[in-house]
């Protein structure tokens, strides 16, 4: 997979095996691992920024996306993305 960039839209398969379009809202690297924060494009178009759900995905060395597996890893990524969002709001 090619490098994923902020603003890029791509399709993922959700838990119900349905395809969903998501947009990359932010990207961060923590301990040499890349992560992206994504949201469903439908939610972005319908809601204000305060109402959208953001999901974090890990990018492996092949450029493939996977779920974050531990609560500790999720907390690190969530805090990093919160810092990015706060910087953008300033």
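Bear in mind that the values in this text are calculations on the coordinates, not laboratory data. Not measured: the values here are computed from a predicted model. Here Cβ is always computed from backbone atoms with ideal geometry, including for glycine, and neighbour counts include all displayed protein chains.
Give me the number: length gained by fully extending residue 6 to residue 43, i.e. 0.36 nm times residue separation minus the C-alpha to C-alpha distance, one decimal in nm.
11.6 nm
Given the options 69, 31, 19, state which has the largest fluctuation in a GNM of the chain using a 10 Å cut-off (strictly under) for Cα springs.
Of 69, 31, 19, the most mobile in the Gaussian network model is 31.
Based solely on C-alpha atoms, express the radius of gyration and the Dmax of the chain in angstrom.
Rg, Dmax (Cα atoms, Å): 12.9, 39.
Among 67, 16, 26, which one moves the most in a GNM of the chain with springs linking Cα atoms closer than 10 Å?
Maximum fluctuation in the GNM of the chain, among the listed residues, is at 16.
Quick check on the chain: helices-only [θ] at 222 nm, where DSSP H runs of length 4 and up contribute -39,500 (n - 2.57) each and the sum goes over total residues. Nearest 500, please.
-8500 deg cm²/dmol
List the residues of the range 26-42 whose backbone N lies under 19 Å from a point placed 7 Å from the Cα of residue 89 along the Cα-to-Cβ direction.
Zone members listed by number: 26-28, 37-39.
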